[in-house]
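Colleague: Quick one: the structure is below, and I'll ask about it shortly.
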Amino acid sequence: MIAPAVRTFKTAWFDKAARKARITDAELCRAIYEVMQGQADDLGGGVFKKRLHHNQYRTIILAKGQRFWVYAYLFAKSDRANIDEAELRAFRELADLYAHKTDKQVDKELATHALLEICHEHQTQVQERRL
């Protein structure tokens, strides 16, 4: 099965946290494919929680409408059990904002490095063949 075309991004904050945790873009791209296959916790409103890096970390991914996926938050399982209700509401609002962004707005965020693109359609298909 070929993965659908997908654009995946990480925020600048997430990039810094992932580098500190030694989580690679390749691992993030594999995880997005797993999320697309239903292997994540759907928290509703376009917010997903996925386990990463040998189950040591949790990530919050935004994908309302699933036009594109955004890694927004990362935390160590040893530091906290989960996000709270107020954080979940905020992530749902953020997912809604991302869902309404135009390609031009996304391109502007890419140009200013507020967002970093990490997965492309071809990369996702190649990674699927390796799985």
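Colleague: Say we look at region 59-94 and pick out the residues that are within 14 Å of the chain's Cα centre (by Cα) and not hydrophobic (A, V, I, L, M, F, W, C); which of these is surrounded by the most Cβ atoms within 10 Å (Cβ to Cβ)?
Modeller: Here the answer is TYR71.
Colleague: Which of the residues belonging to region 25-81 are within 15 Å of PHE14 (Cβ to Cβ), touching a helix residue (DSSP H, G or I) at 6+ places or on another chain (Cβ under 6 Å) and of a type in the set (Lys, Arg)?
Modeller: Answer for region 25-81, where residues must be within 15 Å of PHE14 (Cβ to Cβ), touching a helix residue (DSSP H, G or I) at 6+ places or on another chain (Cβ under 6 Å) and of a type in the set (Lys, Arg): just LYS50.
Colleague: Could you check region 18-34 and list, in sequence order, the residues that are in a helix (DSSP H, G or I), hydrophobic (A, V, I, L, M, F, W, C) and under 13 Å from the mean Cα position of the chain (by Cα)?
Modeller: Correct list: ALA18, ALA26, LEU28, CYS29, ALA31, ILE32.
Colleague: Can I ask one more? Provide a single number: the residues in region 56-105 that are closer than 18 Å to CYS29 by Cβ and either assigned to a loop (DSSP other than H, G, I, E, B) or among the β-branched types (Val, Ile, Thr) (or both).
Modeller: 6
Colleague: Answer yes if at least one residue in region 50-73 is on the phi < 0 side of the Ramachandran plot, of a type in the set (A, V, I, L, M, F, W, C) and without any contact (Cβ under 8 Å) to a residue 24 or more places away in the chain, and no otherwise.
Modeller: No, that holds for no residue.
Colleague: Taking region 106-119 on its own, how many of its residues are part of a helix (DSSP H, G or I) and surrounded by 15 or more Cβ atoms within 10 Å (Cβ to Cβ)?
Modeller: Result for region 106-119: 2.
Any read-out appearing in this document is the output of simple, stated calculations on the displayed coordinates, not a laboratory observation. Nothing here was measured: the structure is a model prediction, and the numbers come from that model. Cβ: placed from backbone, ideal geometry, glycine included. Neighbour counts: every protein chain shown.
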